[in-house]
1. Name the residues in the stretch 142-162 that are within 22 Å of the chain's Cα centre (by Cα) and open to solvent by 30 Å² or more (accessible area, probe 1.4 Å), would you?
2. Checking the condition modelled with pLDDT of 80 or more and out of contact with any Pro (no Cβ under 8 Å at 6 or more places or on another chain), which residue from LEU13, LEU55 passes?
3. Determine the pairs where a residue that is over 11 Å from LEU155 (Cβ atoms), located within the stretch 197-214, has a partner that is part of a helix (DSSP H, G or I) with Cβ atoms under 6 Å apart, the partner being 6 or more residues away or on another chain.
4. Being in contact with a helix residue (DSSP H, G or I) (Cβ under 6 Å, 6 or more places away or on another chain), modelled with pLDDT under 95 and either crowded, with 17+ Cβ neighbours inside 10 Å or among the acidic types (Asp, Glu) (or both) is the requirement here; does ALA196 meet it?
5. Filter the stretch 39-60 down to the residues that are in contact with a helix residue (DSSP H, G or I) (Cβ under 9 Å, 6 or more places away or on another chain) and exposed (fewer than 12 other Cβ atoms within 10 Å of the Cβ), then identify the one that is farthest from GLY213 (Cα to Cα).
6. Within the stretch 69-118, restricting attention to residues that are polar (S, T, N, Q) and more than 28 Å from MET170 (Cα to Cα), which residue is surrounded by the most Cβ atoms within 10 Å (Cβ to Cβ)?
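The values are calculated or read from the model by the stated rules, or taken from the named source; none is laboratory data. It should be emphasised that the depicted structure is a prediction, and the values quoted were computed from it without experimental measurement. Every residue, glycine as well, gets a Cβ built from its backbone with ideal geometry; the counts of neighbours run over all protein chains shown. Quick note on the areas: whole protein, heavy atoms, side chains included, nothing else; ligands and nucleic acids left out. Shrake-Rupley method; radii C 1.70, N 1.55, O 1.52, S 1.80 Å.
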Amino acid sequence: MRRFCKTLMGALLMVAGMNMALAETDTQALQQGLTINGKTVPVKSVKQTPLEGILEVRLESGETLYSDSEGKHFVVGDLFANGEQGLVNLTQQAQDQVRVEQLAKVPQKDKVIFRGEKPPKATLEIFTDVTCPYCRKLHEEVPRLNDMGIAVEYLAFPRSGLKSEGARLMAQVWCAPNPSEAMSAIKRGETLDVDADCDNPVADQYHLGRELGVQGTPAIVLPDGRMIPGYVPADQLGKMLDIEG
């Protein structure tokens with residue numbers, strides 16, 4: 001890890017040494033896309049980093065790399081700041097912030113929500129797949145989370161793709177008159193007598209999950225945007241949030 005950080009920072013500083021001006025017209029070229037091996041890779045955003053001459057380029061695929069203003073030299077990897085408190089992963093911080101912003105745009109009506117009787121102390125956004133065993137295991141702990149004051153807001157992520165059985169079953173959940181009850185029922189292994197052809201957000205949420213770096217389920221997003229892959233017991237999640245039941 002130490003060797004990787006030194007190598008990455010050395011490469012970035014070498015490119016920064018070119019002292020290229022970061023005029024607005026320079027970044028516009030990258031906004032149009034990054035050309036790699038003769039193919040244009042779509043770019044979602046371009047931002048300046050603390051290093052002169054180095055831009056943070058976030059691709060439509062969700063990946064982040066660091067480039068000069070013309071896209072002629074770039075580095076793939078995480079950018080670290082070496083401060084008094086040690087190494088700070090600036091790339092991870094930026095990705096966390098993107099998750100917070102993107103998830104805030106998802107309407108509440110498009111989520112399957114579980115809350116306790118009192119206003120929640122914290123909310124977990126969880127990308128789930130109803131065919132996933134560990135998603136079902138985590139769902140068994142949702143009442144415990146709610147008792148602790150932690151709300152759960154589910155988003156769909158059919159891990160086998162949009163043509164999978166999981167995608168069809170989740171469409172049924174979102175099309176049900178009471179999606180929360182349907183989610184609990186289907187995760188208990190029950191079948192739903194619901195038409196899955198309604199206008200539902202499963203496809204949009206699947207694409208959002210891929211963009212935010214979801215690779216499997218459950219994928220738990222904390223309020224600060226950090227993403228925890230896999231099953232985590234309710235009490236451990238409470239400790240992460242500084243909430244004790």
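1. Scanning the stretch 142-162 gives ARG159, SER160, LEU162.
2. LEU55
3. As it stands, the answer is CYS198/CYS175; ASN200/ALA171; ASN200/TRP174; ASN200/CYS175, since those pairs meet every condition given.
4. Judged against the criteria, ALA196 is a match.
5. PRO50
6. SER69
So that you can scan it fast, the table gives a plain yes or no per residue for (1) assigned to a strand (DSSP E or B); (2) touching a residue at least 12 places away in the same chain (Cβ under 8 Å); (3) polar (S, T, N, Q); (4) touching a Gly at 6+ places or on another chain (Cβ under 8 Å):
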{"site": "ASP96", "(1), (2), (3), (4)": "no, yes, no, yes"}
{"site": "THR123", "(1), (2), (3), (4)": "yes, yes, yes, no"}
{"site": "VAL130", "(1), (2), (3), (4)": "no, yes, no, yes"}
{"site": "TYR134", "(1), (2), (3), (4)": "no, yes, no, yes"}
{"site": "LEU138", "(1), (2), (3), (4)": "no, yes, no, no"}
{"site": "ARG144", "(1), (2), (3), (4)": "no, yes, no, yes"}
